[in-house]
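Heads up, the thing below is written out as structure tokens.
Only the coordinates and a few stated rules stand behind these numbers; no lab work does. Small disclaimer: the values here were computed from a predicted structure and weren't measured. Here the Cβ positions follow ideal geometry from the backbone for every residue, glycine too, while neighbour counts run over all protein chains shown.
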């Protein structure tokens, strides 16, 4: 009694096998062996008929003789691989044709079976090929499912970003966001109430799904802790809430949280380790934001303070994640390089466009990129 294949009966019954050989005896023998094992079996006596059946019946596995008149087995194999058909191919070669078998493997054959073959050899090649075929299809199905879930996650994340640009008399606001992968560890957000506008820009350490999961948590906390509270109070509250989770995950988050008082042109900010940003005054003078505290998740007893800057007509505030300065791999981009591209007559949207055009390559980014720009409008624009 033959040993039962590792491939299940249900799996064998679901697979269609085509036997292609111009020798009727070999063709019939292979068919019988396959049918006895529960496969759905059909046959062809030459390469031309085999190609027609492959395209019409879509078999899962083909036992394919190498030496056939007119259309040989290698030609059939080449056409199968050229058309990228989802079918496994076992080449059957005559004794002493090992070089042909090697050539067939180079052209994409999954395995080969020398003739005349013993039952044990037939069984080993068959099971090896079928198991590989099923595993490949399973992996492809899982890959497609993962891609679908990642696409859905990316859409959810995109929906979490602000869906409108706030308006505040005397100011312009613009933003840019691009993920290095399907999902991102960066985020930005804003909240508005009459003459007050609050911004948050965060960057979770790492990339991909782990960073994205933390990003969603940080954003939710800042939505509650931030809002229109003072920046220092918002960061201290967020640090208390997020600290234990960040420590357990061995990750940290840099956060820049600010509040703009439009009536008095006061830009008030608190900084949790986010050093990337600057103010470009209308006369070209540059000011950087002081790094006043450690990123969230480094230490649990950090107290964040806030600073205030008075903005004047033509001033630009630029805040960004490290994806902007790392966009060109192997080339360091300094904030002076970015600021040198700007002028006081550029509106906020034009500033974003110019910085992205300068720094961001058309190929994949090495890191997530987020950019926020605030412009204090000149008096003649009010």
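A few points about this structure:
- Listed residues 282, 175, 44, most fluctuating in the chain (Gaussian network, C-alpha, under 10 Å): 44
- Theoretical gain in end-to-end length, residue 328 to residue 286 [0.36 nm per residue, Cα-Cα removed]: 12.8 nm
- Bins of 10 Å, starting at 0 and running to the largest distance - Cα pair percent for segment 161-381: 8, 36, 38, 17, 1, 0
- Structure-based [θ]222 nm, the chain - -39500 (n - 2.57) summed over DSSP H runs of at least 4, per residue, nearest 500: -12500 deg cm²/dmol
- Rounded to 10°, Cα long-axis angle of helix 231-249 versus longest principal axis of the chain: 30
- Relative contact order of segment 202-355, defined on C-alpha pairs under 8 angstrom at six or more residues apart (%): 21
- Multiplying the residue separation of residue 98 and residue 263 by 0.36 nm and subtracting their alpha-carbon distance yields 50.9 nm.
- Degrees, to the nearest 10: 208-225 long Cα axis against longest axis of the chain: 30
- The calculated FRET efficiency for the pair residue 56 and residue 151, based on their C-beta separation and a Förster distance of 30 Å, comes to about 0.35.
- Take the Cβ atoms of residue 28 and residue 143, set R0 to 51 Å, and the FRET efficiency comes out at 0.85.
- For the chain, modelled as a GNM whose springs connect Cα atoms under 10 angstrom apart, the maximal fluctuation among 79, 290, 332 occurs at 79.
- Label-to-label distance, nm, for residues given as residue 344 and residue 248 (7 Å Cα→Cβ offset): 5.2
- Cα gyration tensor of segment 120-260 - equivalent ellipsoid semi-axes, whole Å, descending: 45, 18, 9
- Between segment 88-140 and segment 284-344, the Cα center-to-center distance that results, in Å: 61
- The relative contact order of the chain, computed from alpha carbon pairs under 8 Å that lie at least 6 residues apart in sequence, is 13 percent.
- Pairwise alpha-carbon distances in segment 9-145 exceed 28 Å for 10% of all pairs.
- Spatial separation of Cα centroids for segment 37-79 and segment 246-264, in angstrom: 64
- Axis of helix 348-359 versus longest Cα principal axis of the chain: the two differ by about 50°, to the nearest ten degrees.
- Taking 205, 105, 215 as the candidate residues, the one with maximal mean-square fluctuation in a Gaussian network model of the chain, Cα springs under 10 Å, is 105.
- Semi-axis lengths (Å, descending) of the ellipsoid that matches the C-alpha gyration tensor of the chain: 66, 23, 16
- Inter-probe distance in nm under a simple model that places probes 7 Å from Cα toward Cβ, at residue 8 and residue 71: 3.6
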